[in-house]
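Student: One structure, pasted below without further comment.
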Amino acid sequence: MSDFYFVGQQIIDAKTHEVHDVELLLRYKKKAGFPEREFHKLLNSTSTEYIAYLKDLDKALNYLKEEYPDYRFSLNFTQQELEFPETLAYLENVAEDMRNRILIEVTEEAPEKRFTDYPENINVSAFKRLHELGYKIALDDIMQGNNSIGNFMLVRPYISRIKWSFVNGGQNLNQQQIYWTIKLLRSLTVNEQISLVVEGVEEEMVSYWLLTMNVHNQQGFLFAKPEKL
């Protein structure tokens, strides 16, 4: 994708070590880590530049579709991107057999510019439309930024997964606070068709502790580092 490319990090069942899907993480050829400044610049560029990015994204997804036929892919979109008509137009044209293999992971940053009017703090109609198109949707970094519990409740009918991160959500919490946070998040998934994934798992003791709380879906360096696909 020009100067952008994907690495993949597995999400696994920590009990069986089965790989459920792979999160696609955007990277930039000229620097390490997530290219926050460069991607923000793209989101504030012209429609033509963003459409070119979507075309490159489509080529990458078609390659992954053929190269990894048994994997489902978790693909990040910002809430700003959900405001763009170009994003929705692209997702409407993705082949149905690929839609079934994509989980759209919506990140926590609130959009800087709205392209439609809505009374809530989150674009419920965009979530509804993606759900109608057959995509599964996750809220990334729940309890952070615009992915608050309150906003989750607004889009809950369209959500298949919530994700919580030790890195972003748990870095300033003690063990007891983390325990009650996990209990709260687990309660949101009871009797719902919603899974919970905990990210940033780096120690076996932490993984085992999560298993005792019935959190099987885990992601982190303990299991796999991001790798070029």
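Student: In µm²/s, what is D for the stretch 4-228 at 25 °C and 0.890 mPa s, where D = kT/(6 pi eta Rh) by Stokes-Einstein and Rh is the Kirkwood radius from Cα pairs?
Tutor: The calculation lands on 135 µm²/s.
Student: Per-residue ellipticity at 222 nm for the chain, helices alone: DSSP H runs ≥ 4 residues times -39500 (n - 2.57), over residue total, nearest 500 deg cm²/dmol?
Tutor: Result for the chain: -11000 deg cm²/dmol, rounded to the nearest 500.
Student: Okay, moving on. How long is the gain from LYS65 to GLU120 if the chain were fully straight, where each residue apart is worth 0.36 nm and the alpha carbon distance is subtracted?
Tutor: Residue separation times 0.36 nm, minus the Cα-Cα distance, leaves 16.2 nm.
Student: Give me the percent of the accessible area of the chain that comes from carbon and sulfur atoms, probe 1.4 Å, all protein chains in place.
Tutor: Looking at the chain in its full context, I get 48 percent from C and S.
Student: I would also like to ask the following. Among the lysines, select those whose C-alpha is under 28 Å from the C-alpha of LYS15, and discard any that sit fewer than 8 residues away in the same chain.
Tutor: Of all the lysines, those that pass the test against LYS15 - Cα under 28 Å, at least 8 places apart if same chain - are LYS65, LYS136, LYS163, LYS183, LYS225, LYS228.
Student: Shifting gears a bit: Using θ = phi - 60° and the Karplus curve 6.51 cos²θ - 1.76 cosθ + 1.60, what whole-Hz ³J(HN,Hα) does each residue of the stretch 108-117 get, with Gly and Pro shown as x?
Tutor: Ordered by residue, 3J(HN,Hα) equals 8, 6, 5, x, 7, 9, 8, 9, 9, 8 Hz.
Student: Give me the number: length gained by fully extending ASN93 to VAL19, i.e. 0.36 nm times residue separation minus the C-alpha to C-alpha distance, one decimal in nm.
Tutor: Length gained between ASN93 and VAL19: 23.9 nm.
Student: While we're here: Of all beta bridges DSSP finds with both residues in the chain, what is the antiparallel percent, to the nearest 5?
Tutor: Bridges in the chain that DSSP calls antiparallel: roughly 40 percent.
Student: What number comes out for accessible area per residue over the stretch 4-228 if the probe is 1.4 Å? Units Å², please.
Tutor: I get 52 Å² per residue for the stretch 4-228.
The values are calculated or read from the model by the stated rules, or taken from the named source; none is laboratory data. Predicted model only: the values in this text are computed from it and were never measured. Heads up: the accessible areas ignore ligands, DNA and RNA and are worked out on the full protein's heavy atoms, side chains in. Shrake-Rupley method; radii C 1.70, N 1.55, O 1.52, S 1.80 Å.
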